[in-house]
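The values are calculated or read from the model by the stated rules, or taken from the named source; none is laboratory data. Just so you know, these numbers come straight off a predicted model, no measurement behind them. Glycine gets a Cβ as well: all are built from the backbone with ideal geometry, and neighbour counts include every protein chain shown. Side chains are part of the model used for accessible areas, which takes the heavy atoms of the whole protein and leaves out ligands, DNA and RNA. Shrake-Rupley method; radii C 1.70, N 1.55, O 1.52, S 1.80 Å.
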Amino acid sequence: MLKRYEPPSEFLKSVIAEQVPLTDGPFATENLNRLIELTCDPDRANRDWAVLLLSQEGRDTPAVRDALYRAASDADDCVRGEAILGLAGLDPVIALPFVQAELSKQSITIPALEAASICADPSLIPDLKIWAEPSKEPYADKLAAEALAACERVVR
């Protein structure tokens, strides 16, 4: 049986279970600040989950942008990908250089490909053509092809 991927942080587990409010309520601001702090946690799983949850929150505040911007340079590719996707949802122009950097690497994450679709910039076309070629990862190939199509639509 596969082990479920969870963060070690009980706080993050509570956020995932929607037991901790991040909007509305007397502790929402404190909880959001704690989530932002966990984007810098030494534990990779905590950082990954914190960035994912913060990205999904879709809140556009200076503190959220700063946290996602910082995490977009994380050493871990999964954390980076989630942060870049979150940034793309807030501001594709800010996310674009990070997407360009990810597309030039030896491997790519699903969130980074999703961010490429959101950014939909012609500068991504050459790298996306390579990522869209058939590989052993059909889902990633599909996302790369969708991102490529989104970028090509902008050119037309």
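Things worth noting here:
- Backbone phi angles across the stretch 60-67, fed through the Karplus curve with coefficients 6.51, -1.76 and 1.60 (θ = phi - 60°), yield HN-Hα couplings of 9, 10, x, 5, 5, 4, 4, 5 Hz in residue order; Gly and Pro are listed as x.
- Axis of helix 28-38 versus longest Cα principal axis of the chain: the two differ by about 60°, to the nearest ten degrees.
- Against the chain, whose longest principal axis comes from its Cα atoms, helix 138-155 is set at around 70 degrees.
- A DSSP coil position with no more than 16 other Cβ atoms inside 10 Å describes none of the chymotrypsin sites (Phe, Trp or Tyr not before Pro) in the stretch 90-156.
- Rolling a 1.4 angstrom probe over the protein heavy atoms with all chains in place gives the stretch 10-155 an accessible area of 51 Å² per residue.
- Here the ratio of the Cα radius of gyration of the stretch 11-92 to 2.2 N^0.38 Å is 0.99.
- Inter-label distance, nm, simple model (7 Å from Cα along the C-beta direction), Arg59/Lys129: 4.3
- Dipole magnitude (debye, nearest 20) for the chain, charges at Cβ of Lys, Arg, Asp, Glu: 260
- Note: the stretch 10-155, Cα convex hull, 111 Å³ per residue.
- Using the average count of surrounding beta-carbon atoms within 10 Å as a protection proxy, the listed peptides 60-66, 90-96 rank, highest first, as 90-96, 60-66.
- Gain on full stretching of the segment that runs from Val154 to Glu10 - 0.36 nm per residue minus C-alpha separation: 47.5 nm
- When the stretch 1-54 is reduced to its Cα atoms, the Kirkwood hydrodynamic radius in Å: 11.3
- Helix axis angle, 92-103 relative to the chain longest principal axis, alpha carbon, degrees: 70
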